Amino acid sequence: MSRFWSTLVHELTPYVPGEQPKLANLIKLNTNENPYGPSPKALEAMRAEIGDNLRLYPDPNADRLKTALAKINGVSANQVFVGNGSDEVLAHVFLALLKHDRPILFPDITYSFYPVYCGLYGVAHQTVPLTDTFEIDVADYARPNGGIIFPNPNAPTGRPLPLDAIEHLLIAHPDSVVVVDEAYVDFGCASAVTLIDRHPNLLVVQTLSKSRSLAGLRVGFALGHASLIEALERVKNSFNSYPLDRLAIVGAVAAIEDQAWFEQTRQAVIKSRGWLIGEMERLGFQVLPSAANFIFVRHPDRNAGELAQALRTRGIIVRHFRQPRIEQFLRITVGADAQCQSLAAALQEILA
Ligand SMILES: *Cc1c(COP(=O)(O)O)cnc(C)c1O
């Protein structure tokens, strides 16, 4: 019944998330979920919240969560914005801070939701090619723009950008907001949060989906100068007053406060990543340096799409992007050790 659709809907190209298969027993290494599960304290806090209180709306400002996030990040509560996953936070960022006359800039190979938001909100954009080694070179961004956004580490490459390069961008573009999407920062990359005080044009976006293992809870946040946060609040309060429900607020607070669980699980992922990279290289793969909870690999003489299919028939799902420059790469989430071992064994068999 598409005659009822708006013109905008006719023209949208929606994001396609990684598959969430209904089959049990699959080894799911395609959407960068954390294999270790959320903090037991977060689960306990959510169980305790289930009760008669659910008839009441949650705190529209999620003040307890903003306070907890402000504390661990060394900023004040009015420098924190929270949303229903960082995807929602990013959506508000595009409308509130990146929609200007000039096109925004982001890498040609990056999080594929960025061009989708541009389509939804009518934000002009230009892509800036990564270097031949799939790195961001900030010198390539030296042109007029309405804003700059990139993940750090970048996705799906996993390559990190050092803080001095980010600071260079912030100084070179004082009239643009520079958005650093730090979805994977806790797996081995320096956070730009430390630059917020010096740079009113910096917005850092993070999520509890990856390093806090709460992809199912949908909690993301942004940190930046209070006036950037105010812009996001204006959009949020024109869209949905209650993006975080009661369970999400208490679960996220407990997860943020459980520093011991966070350290233990992220160190385990980092350790497994080292082992997996060694195995992949032993099997003849080229592996890009990774500061994330996934690796980006190619085999010099095997087709990536065929490898992904062969893994699938063995019950292992990885992500393959049919996209220029990276069609011969696979993005593989670092799973638990047993999953990494199954992957290596399956690839050994496929390559034999
Ligand atoms: C996973 C991811 C997100 C989205 O995370 P949610 O908080 O689960 O919405 C944002 N940016 C990048 C680069 C990601 O990989």
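Only the coordinates and a few stated rules stand behind these numbers; no lab work does. As the structure is a prediction and not an experimental result, all values here were calculated from the model. Cβ: placed from backbone, ideal geometry, glycine included. Neighbour counts: every protein chain shown.
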Too long for a 26 Å Cα-Cα cut-off, among K28/K99; K210/K271; K28/K71; K28/K66; K66/K236; K210/K236, are K28/K99; K28/K71; K28/K66
For the chain the translational diffusion coefficient, Stokes-Einstein from a Kirkwood Rh over Cα pairs at 10 °C and viscosity 1.306 mPa s, in µm²/s, is roughly 75
List the residues of segment 314-352 whose backbone N lies under 16 Å from a point placed 7 Å from the Cα of D140 along the Cα-to-Cβ direction.
324-327
Taking a ≥ b ≥ c as the square roots of the Cα gyration tensor eigenvalues, with a/c under 1.5 meaning rounded and otherwise prolate when a/b beats b/c or oblate if not, segment 201-264 comes out oblate
Dimensionless Rg/Rh of segment 62-108, both radii on Cα and Rh by Kirkwood, sits at 1.09
Note to self: Kirkwood Rh of segment 1-122, Cα pairs, one decimal, Å, is 18.8
Please work out the ratio of the alpha-carbon Rg of segment 1-69 to 2.2 N^0.38 Å and round it to two decimals.
1.79
Taking the simple approach of a point 7 Å from Cα along Cα-to-Cβ for both E230 and D132, what is their distance in nm?
4.9
With viscosity set to 1.002 mPa s at 20 °C, what whole-number translational diffusion coefficient in µm²/s follows for segment 55-154 from Stokes-Einstein and a Kirkwood radius over Cα pairs?
138
Cα atoms only, segment 125-248: Rg and Dmax in Å?
15.3, 46
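Using helices alone, I'd like the mean residue ellipticity at 222 nm for the chain: each DSSP H run of four-plus residues gives -39500 (n - 2.57), total over residue count, nearest 500.
-11500 deg cm²/dmol
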